[in-house]
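Have a look at the structure below, then the notes.
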Amino acid sequence: MKNPIIVALDVPTAEQAERLAREIAPAVGAFKIGKELFVSAGPDIVRKIRATGASVFLDLKFHDIPNTVAKAVAAATRLDVQMLTIHTSGGSEMMCAADKSAQETAKATGTTAPLVLGVTVLTSASNATLAEIGCEPNTENQVLRLARLAVQSGLRGLVCSPLEIVALRKTIPPDVQLVTPGIRSGAEPADDQKRTLTPREAIQAGASWLVIGRPIYAATNPRAAAEKILESIR
Ligand code: C5P
């Protein structure tokens, strides 16, 4: 089994990210670079993490007009990331443009296209959050609706809450990869995550990848924390 742990490098500086990546790379499957690190350290941090040999998941959650998202996806593909995120609420035209851009750019540059992942409903959102922005006030229904639209639009991966994995596995084709944040063992604080499962529960439910941030990078010994989580799912 491949190592399904993706560690979120949610740290503010390139130095901290590189140090963390070097320390824990042997114990994890990939690193996620999100908004804080990318905005402060720039695209160079992607090149630096890729240079260690590790896979990179660029989690910038693009949501814009199709042309703009396609260009951002092309730029990310040229950086040689292995996964990236877009918001499914951007609609089918935006999602199709994103995936087409990944495929075409990879073909032109001779690399492998990144897996374009659709973000459905953020794990920090509740039914009340959906109601206040005018969506159907039921997170599970909204996730399934957006997931179906993403698959119809050609996406082969989704980001979802751990508590939605089982329902999604019943709804979407089995080859669609599910990437799941909101993972907590129960020993550490839930922080702002409202819907969590343990690593083992998430894998058993059908998650392909686990995105884990604070339980690893904020641990006293991040490498040991990653190894302990890996042990718990093997
Ligand atoms: O520290 P923690 O394990 O909560 O980190 C989860 C990571 O997954 C963060 O980088 C967060 O931005 C990301 N994420 C999330 N919920 C989503 C999509 C991404 O928590 N729906």
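Numbers below:
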| item | result |
| --- | --- |
| Among residues of the range 21-47, those that are touching a helix residue (DSSP H, G or I) at 6+ places or on another chain (Cβ under 6 Å) and part of a helix (DSSP H, G or I), counted | 7 |
| Positions within the range 47-62 being within 15 Å of the ligand (Cβ to nearest atom) and without any contact (Cβ under 8 Å) to a residue 40 or more places away in the chain, in sequence order | 56, 60, 62 |
| Some residue of the range 154-164 being open to solvent by 50 Å² or more (accessible area, probe 1.4 Å) and either away from the ligand (no atom under 13 Å from the Cβ) or in contact with a helix residue (DSSP H, G or I) (Cβ under 6 Å, 6 or more places away or on another chain) (or both) | yes |
| Only listed residue being farther than 23 Å from residue 212 by Cα, of a type in the set (Ser, Thr, Tyr), within 16 Å of the ligand (Cβ to nearest atom) and free of Cβ contacts under 8 Å to residues at least 40 places away in the same chain, chosen from 111, 129 | 129 |
| Candidate set from the range 123-149 (those that are among the hydrophobic types (A, V, I, L, M, F, W, C) and not in a helix (DSSP H, G or I)); member that is surrounded by the fewest Cβ atoms within 10 Å (Cβ to Cβ) | 133 |
| Identity of the residue in the range 31-46, away from the ligand (no atom under 13 Å from the Cβ) and open to solvent by less than 20 Å² (accessible area, probe 1.4 Å), that ends up nearest to residue 59 (Cα to Cα) | 46 |
| Filtered residue count, the range 1-30, keeping only those that are over 19 Å from residue 231 (Cα atoms), surrounded by 17 or more Cβ atoms within 10 Å (Cβ to Cβ) and not small (Gly, Ala, Ser) | 5 |
| Residue pairs meeting the criteria (Cβ under 7 Å; at least 6 apart or on separate chains; first of a type in the set (Ser, Thr, Tyr), in the range 216-234; second open to solvent by 40 Å² or more (accessible area, probe 1.4 Å)) | 217/10; 232/200 |
| Subset of the range 9-39 [within 22 Å of residue 86 (Cβ to Cβ) and in contact (Cβ under 8 Å) with a residue 24 or more places away in the chain] | 9, 10, 29, 30, 31, 32, 33, 34, 35, 36, 37 |
| Answer residue from the range 178-220, given it is more than 13 Å from the ligand (Cβ to nearest atom), open to solvent by 80 Å² or more (accessible area, probe 1.4 Å) and not acidic (Asp, Glu) and is nearest to residue 13 (Cα to Cα) among those | 220 |
| Every pair of residues 6+ apart whose Cβ atoms lie under 8 Å, when the first sits in the range 66-82 and is on the phi > 0 side of the Ramachandran plot while the second is part of a helix (DSSP H, G or I) and open to solvent by less than 50 Å² (accessible area, probe 1.4 Å) | 80/46 |
| Sole residue being among the small types (Gly, Ala, Ser) and either without any contact (Cβ under 8 Å) to a residue 40 or more places away in the chain or touching a Gly at 6+ places or on another chain (Cβ under 6 Å) (or both), chosen from 157, 186, 213, 182 | 186 |
| Selection from the range 1-36 of residues that are within 15 Å of the chain's Cα centre (by Cα) and hydrophobic (A, V, I, L, M, F, W, C) | 5, 6, 7, 8, 9, 28, 30, 31, 33 |
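The values are calculated or read from the model by the stated rules, or taken from the named source; none is laboratory data. Given the structure is predicted, the values throughout are model-derived calculations rather than measurements. Virtual Cβ from ideal backbone geometry, glycine too; neighbours counted across all protein chains shown. Surface areas here come from the heavy atoms of the whole protein model, side chains and all, with no ligands, DNA or RNA. Shrake-Rupley method; radii C 1.70, N 1.55, O 1.52, S 1.80 Å.
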